[in-house]
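First comes the structure, then the notes that go with it.
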Amino acid sequence: MEDLKLKYVYIDRQHACVDGVMLEHESQGGAMLSELYRAHIGDWPKFFKMDTLSKVGFLASDLLLKAIGREKPGEEYTSDCAVVLFGTTASLCADRNYQETIQDADNYYPSPALFVYTLPNIVTGEIAIRNRFRGETSFYVVEKADAAQMAFHLACAFDDDVTAGVLAGWVDSRHNDDFQAFFTMVTRDDAKYTDRLAAAIQTIMDNSNI
Amino acid sequence: MERIVQCIADNVVSPLGLDSASNYDSVKSGKSGLKRYDGIAMSLMDRELVESACLENGIPAARFTFFEKMVLLSCIKAVRDSGIDPSSDRVLFVLSTTKGNVSLLGNTAGFPEERVLLGVAARQISDWFGNKNSPLVVCNACISGVCAQIEAMRALMSGRYDYAVVTGADEQSPFIISGFKSFKAVSNDFCRPFDSDRRGLNLGECAATVVLKAADSVQDGWQLLNGAIRNDANHISGPSRTGEGSYLALMEVLRNCTPHHLAFVNVHGTATAYNDEMESIALFRAGLTDVPVTGLKGCYGHTMGAAGIMESILSMYAVMDHTVLATRGFAQQGTTYPVAVSPVNRTTDRRQFIKLLSGFGGCNAALLYRLNG
């Protein structure tokens, strides 16, 4: 059986890479995300309201969809593309930012705009809204990045007959300037042999220092 | 040959009791765990009761956080009742939670900082049972408990595992309470699901566990038939005005049954203006107007990561007792499309039900259960 090769996008605090090609940028960390958004996307101002986890996930997913041939987000709603993400930190970055607003009883200013991002699956919702995806959206938190575990659960997503493809990814963020993500698209055929899918995901991880 | 998935054991730990049967009896007799705390209605675990239950079960008090203790208490009895060997590599542990140990951010209470990571918290539980598989944490906001069961179902059907221990839990803390208050989603009074005078949700604490088993043929007992997760693709913190995701999830699970076989739909029914209105639209669009509807938030509040599992367990007990449970707090229809909700217990002889949930991030989930035999 031939190896499976998946197109992917990788982003960390210093790098952004689309299928092996580095994107040019001058800034790093959170500022880099905004710079890349302006250079490559630019038509979704809600981006600036997002927390870091969502910004990274949104950017990586949009760059990936463009790289695999999408001209622009669909006009029609579709249910056949699921969004399934994994990570270890979940919303830790947003949790810390929100905790700061309630830590001091004398300076107590809980904000709904910050609180909503203390759920890691919000990034799956942001991607669904952008692309009009009405299929499954799921966020799984794991102990560590494990290609076999991810491949197993991605293959499980195809138990839903409606699902033809899974926009799959890894996204972590501990601080506003510290994040790591990769995104790829997995079809039903890609997921047929879990070991082969795991090897393809392992290759992405090896190429992206995850 | 396609495997089927059964529920073989369960347990609910809540302010209404430390096992499923006592919870069901309390709810059926009209009790609620909701009380007023500093002017705000919530359903909170009695900390001393949890500590003494841990002592009885040999759980070392200093080794686990309060959240982990709730999870362990709910797991231990369910695992014991199931008779499975939890240390087997054929057993998968799945944890459904929205915020886990987030209260440690405000005060680590002597625990390592990394314990706030949900995967690390889940590992404490699987380690207790000597299970070496990587535990999976499902973190899909308020629908996590149904998603966790759906994912466990798929893992069992794949043949990789024979059993799954699926626990849902959340601890209430200033973090969550202040957040929901900032959304103006919280009612100070006891919540009133689907009522014309509903004014928001109450928060609650609970831990609930189901032990699922893969079987090669249909056997007597509870079977998880079909589950679906769908996104509204509309808004990250408000439900779809057309109930899109809930409607699509309902339609998917209805492929495996017809409405007149349903004892009831156990809804999310948070008692916020938007949620209950959205669910009424989704139920109407799915052709479920005549199917009894029941919600448990008036007895437990919104128990977040636990909701999907605890509410499924209570629904199983209700079907076995030929009962559609009352929706506590409801008095008068208050949604655009009327739903078949009732303030009193009703009887039923049907043996299937749907558990429906929706949550932030625009996500919705439905799961269909059937009692065989």
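When the stretch B:233-248 is examined, which residues are found to be more than 9 Å from chain A (Cβ to nearest Cβ) and either modelled with pLDDT of 95 or more or crowded, with 21+ Cβ neighbours inside 10 Å (or both)? So that I can check it myself, show each step before the final result.
Applying the first criterion (more than 9 Å from chain A (Cβ to nearest Cβ)) to the stretch B:233-248 yields B:238-243, B:246-247.
Scanning the stretch B:233-248 gives B:PRO239, B:SER240, B:THR242, B:GLY243, B:SER246, B:TYR247.
Could you please let me know if B:GLN172 is touching a helix residue (DSSP H, G or I) at 6+ places or on another chain (Cβ under 9 Å), crowded, with 22+ Cβ neighbours inside 10 Å and in a loop (DSSP other than H, G, I, E, B)? Before you say what the answer is, go through the steps one by one.
Working: touching a helix residue (DSSP H, G or I) at 6+ places or on another chain (Cβ under 9 Å): yes; crowded, with 22+ Cβ neighbours inside 10 Å: yes; in a loop (DSSP other than H, G, I, E, B): yes.
Yes, satisfied.
Being in a loop (DSSP other than H, G, I, E, B) and more than 17 Å from the chain's Cα centre (by Cα) is the filter here, so list the residues in the stretch B:35-77 that pass it. Step through it out loud before you land on a result.
Going through the stretch B:35-77, the residues in a loop (DSSP other than H, G, I, E, B) turn out to be B:38-39, B:44-46, B:57-65.
Matches in the stretch B:35-77: B:ASP38, B:GLY39, B:ASP46, B:ASN57, B:GLY58, B:ILE59, B:PRO60, B:ALA61, B:ALA62, B:ARG63, B:PHE64, B:THR65.
Filter the stretch B:248-261 down to the residues that are among the hydrophobic types (A, V, I, L, M, F, W, C) and in a helix (DSSP H, G or I), then identify the one that is nearest to B:ASN226 (Cα to Cα). Break it down stepwise before answering.
Start the filter on the stretch B:248-261 by keeping residues that are among the hydrophobic types (A, V, I, L, M, F, W, C), which leaves B:248-251, B:253-254, B:257.
Subset that is in a helix (DSSP H, G or I): B:248-251, B:253-254.
On the way: B:LEU248: 13, B:ALA249: 10, B:LEU250: 10, B:MET251: 11, B:VAL253: 6, B:LEU254: 9 Å.
Here the answer is B:VAL253.
Somewhere in the stretch B:71-82, is a residue among the acidic types (Asp, Glu), farther than 19 Å from B:CYS7 by Cα and at pLDDT 95 or above? Write out each step before concluding.
If we filter the stretch B:71-82 for residues that are among the acidic types (Asp, Glu), which is where we start, we get B:81.
Right, trim to farther than 19 Å from B:CYS7 by Cα and you get none.
There is no residue in the stretch B:71-82 that is among the acidic types (Asp, Glu), farther than 19 Å from B:CYS7 by Cα and at pLDDT 95 or above.
Is it true that A:LYS49 is surrounded by fewer than 16 Cβ atoms within 10 Å (Cβ to Cβ) and closer than 24 Å to A:THR89 by Cα? Before you say what the answer is, go through the steps one by one.
Numbers: surrounded by fewer than 16 Cβ atoms within 10 Å (Cβ to Cβ): yes; closer than 24 Å to A:THR89 by Cα: yes.
Spelling it out, A:LYS49 is indeed surrounded by fewer than 16 Cβ atoms within 10 Å (Cβ to Cβ) and closer than 24 Å to A:THR89 by Cα.
So, in the stretch B:121-141, of the ones that are at negative phi, in contact with a Cys (Cβ under 8 Å, 6 or more places away or on another chain) and at the interface with another protein chain (Cβ under 9 Å from one of its Cβ atoms), which residue ends up surrounded by the most Cβ atoms within 10 Å (Cβ to Cβ)?
Checking each candidate, the answer is B:ASN140.
For residues that are among the polar types (S, T, N, Q) and part of a loop (DSSP other than H, G, I, E, B), scanning just the stretch B:271-296, find the one that is surrounded by the fewest Cβ atoms within 10 Å (Cβ to Cβ).
To start, the set of residues in the stretch B:271-296 that are among the polar types (S, T, N, Q) comprises B:272, B:275, B:280, B:289, B:294.
Then drop every residue that is not part of a loop (DSSP other than H, G, I, E, B), which leaves B:272, B:289.
Values: B:THR272: 26, B:THR289: 15.
Ranking the candidates gives B:THR289 first.
Hey, any hits in the stretch B:238-247 for a residue that's among the aromatic types (Phe, Trp, Tyr), free of Cβ contacts under 8 Å to residues at least 40 places away in the same chain and not in a strand (DSSP E or B)?
Quick first cut of the stretch B:238-247, residues among the aromatic types (Phe, Trp, Tyr) only: B:247.
Filter once more, so that each one left must be free of Cβ contacts under 8 Å to residues at least 40 places away in the same chain: B:247.
With not in a strand (DSSP E or B) added as a condition, the list becomes B:247.
Yes - at least one qualifying residue is present in the stretch B:238-247.
If I filter the stretch B:78-118 down to residues being part of a helix (DSSP H, G or I) and basic (Lys, Arg), which single residue comes out as farthest from the other protein chains (Cβ to nearest Cβ)?
Pass one, the stretch B:78-118, residues part of a helix (DSSP H, G or I): B:78-82, B:102-105, B:113-116, B:118.
Filter once more, keeping what is basic (Lys, Arg): B:80, B:115.
Details: B:ARG80: 26, B:ARG115: 12 Å.
Applying the filter and picking the extreme gives B:ARG80.
Could you look through the stretch A:129-152, keep only residues that are part of a helix (DSSP H, G or I) and more than 7 Å from chain B (Cβ to nearest Cβ), and pick out the one that is nearest to A:ASP189 (Cα to Cα)?
Initially, the stretch A:129-152 is screened for residues part of a helix (DSSP H, G or I), giving A:129-131, A:147-152.
Subset that is more than 7 Å from chain B (Cβ to nearest Cβ): A:130-131, A:147-148, A:150-151.
Numbers: A:ARG130: 26, A:ASN131: 22, A:ALA147: 18, A:ALA148: 17, A:MET150: 16, A:ALA151: 13 Å.
Filtering first and then ranking leaves A:ALA151.
The rows are residues; the columns are (1) crowded, with 18+ Cβ neighbours inside 10 Å; (2) aromatic (Phe, Trp, Tyr); (3) over 25 Å from B:ASN345 (Cα atoms).
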position	(1), (2), (3)
B:SER14	yes, no, no
B:LEU18	yes, no, no
B:MET45	yes, no, yes
B:MET70	yes, no, yes
B:LEU73	yes, no, yes
B:ASP81	no, no, yes
B:ARG90	no, no, yes
B:THR98	yes, no, yes
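Given the structure, is A:SER173 among the polar types (S, T, N, Q) and at pLDDT below 95?
Numbers: among the polar types (S, T, N, Q): yes; at pLDDT below 95: no.
So A:SER173 fails the test.
Among (1) surrounded by fewer than 21 Cβ atoms within 10 Å (Cβ to Cβ); (2) more than 13 Å from chain A (Cβ to nearest Cβ), where does B:PHE183 come up short?
For B:PHE183, the exception is condition (2).
Going by the structure shown, is B:ARG230 charged (D, E, K, R), more than 12 Å from chain A (Cβ to nearest Cβ) and not in a helix (DSSP H, G or I)?
Here the answer is no, as B:ARG230 does not meet what is asked.
Under 8 Å between Cβ atoms, which residue pairs at least 6 apart in sequence (or on different chains) link something in the stretch A:9-36 that is under 15 Å from A:PHE182 (Cα atoms) with a partner that is surrounded by 18 or more Cβ atoms within 10 Å (Cβ to Cβ) and among the basic types (Lys, Arg)?
Short answer, once both residue conditions are applied: A:LEU33/A:LYS55.
Could you list, in sequence order, the residues of the stretch A:10-30 that are crowded, with 18+ Cβ neighbours inside 10 Å and touching a Lys or Arg at 6+ places or on another chain (Cβ under 9 Å)?
Once the filter is applied, which keeps residues that are crowded, with 18+ Cβ neighbours inside 10 Å and touching a Lys or Arg at 6+ places or on another chain (Cβ under 9 Å), the stretch A:10-30 yields A:VAL18, A:GLY30.
Inspect the stretch A:164-181 for any residue being of a type in the set (Lys, Arg) and under 14 Å from B:SER134 (Cβ atoms) and give the result as yes or no. It would help to see each step written out before you state the result.
To start, the set of residues in the stretch A:164-181 that are of a type in the set (Lys, Arg) comprises A:174.
Of the ones still in play, those that are also under 14 Å from B:SER134 (Cβ atoms) are none.
The answer is no; no qualifying residue exists.
Please verify whether A:ASP190 is more than 9 Å from chain B (Cβ to nearest Cβ), surrounded by 20 or more Cβ atoms within 10 Å (Cβ to Cβ), of a type in the set (Asp, Glu) and farther than 20 Å from B:ALA152 by Cα, treating the condition exactly as stated.
Numbers: more than 9 Å from chain B (Cβ to nearest Cβ): yes; surrounded by 20 or more Cβ atoms within 10 Å (Cβ to Cβ): yes; of a type in the set (Asp, Glu): yes; farther than 20 Å from B:ALA152 by Cα: yes.
Considered against the rule, which asks whether it is more than 9 Å from chain B (Cβ to nearest Cβ), surrounded by 20 or more Cβ atoms within 10 Å (Cβ to Cβ), of a type in the set (Asp, Glu) and farther than 20 Å from B:ALA152 by Cα, A:ASP190 comes out as yes.
With respect to the numbered conditions (1) more than 14 Å from chain B (Cβ to nearest Cβ); (2) assigned to a loop (DSSP other than H, G, I, E, B); (3) polar (S, T, N, Q), which one is the sole condition not fulfilled by A:THR89?
All conditions are met except number (1).
So, B:PHE264, is that one over 18 Å from the mean Cα position of the chain (by Cα) and either buried (at least 22 other Cβ atoms within 10 Å of the Cβ) or in a helix (DSSP H, G or I) (or both) or not?
Numbers: over 18 Å from the mean Cα position of the chain (by Cα): no; either buried (at least 22 other Cβ atoms within 10 Å of the Cβ) or in a helix (DSSP H, G or I) (or both): yes.
For B:PHE264, the condition - over 18 Å from the mean Cα position of the chain (by Cα) and either buried (at least 22 other Cβ atoms within 10 Å of the Cβ) or in a helix (DSSP H, G or I) (or both) - is not met.
Anything in the stretch B:346-373 that is more than 14 Å from chain A (Cβ to nearest Cβ) and either assigned to a loop (DSSP other than H, G, I, E, B) or within 26 Å of A:PHE115 (Cα to Cα) (or both)? List them, or say none. Before the answer, list the steps.
Filtering the stretch B:346-373 for residues more than 14 Å from chain A (Cβ to nearest Cβ) gives B:346-356, B:369-373.
Listed by number, the residues that qualify are B:THR348, B:ASP349, B:ARG350, B:ARG351, B:LEU356, B:GLY373.
Here are the criteria: (1) within 7 Å of another protein chain (Cβ to nearest Cβ); (2) surrounded by fewer than 22 Cβ atoms within 10 Å (Cβ to Cβ); (3) in contact with a helix residue (DSSP H, G or I) (Cβ under 6 Å, 6 or more places away or on another chain). Tell me which single one B:MET157 does not satisfy.
Unmet for B:MET157, out of (1) within 7 Å of another protein chain (Cβ to nearest Cβ); (2) surrounded by fewer than 22 Cβ atoms within 10 Å (Cβ to Cβ); (3) in contact with a helix residue (DSSP H, G or I) (Cβ under 6 Å, 6 or more places away or on another chain): (3).
Out of the stretch B:281-297, which residues are farther than 20 Å from B:SER144 by Cα and under 20 Å from the mean Cα position of the chain (by Cα)?
Restricting attention to the stretch B:281-297, the residues satisfying the condition of being farther than 20 Å from B:SER144 by Cα are B:281, B:283-293.
Across the stretch B:281-297, the qualifying residues are B:LEU283, B:PRO292, B:VAL293.
For the stretch A:32-46, enumerate the residues that are loosely packed, with under 15 Cβ neighbours inside 10 Å and in contact with a His (Cβ under 9 Å, 6 or more places away or on another chain).
Residue satisfying the conditions is A:ALA39 alone.
Under 6 Å by Cβ, and 6 or more places apart or on different chains, what pairs join a residue from the stretch A:110-128 that is facing another protein chain (nearest Cβ under 7 Å) with one that is of a type in the set (Phe, Trp, Tyr)?
These pairs meet every condition: A:PRO112/B:PHE183; A:PHE115/A:TYR98; A:THR118/A:TYR98; A:LEU119/B:PHE360; A:PRO120/A:PHE139; A:ASN121/A:PHE139; A:THR124/A:PHE139; A:GLU126/A:PHE58.
The values are calculated or read from the model by the stated rules, or taken from the named source; none is laboratory data. Model, not experiment: these values are computed from the prediction. Using ideal geometry, Cβ is built from the backbone for each residue, glycine included, and neighbour counts are taken over all protein chains shown.
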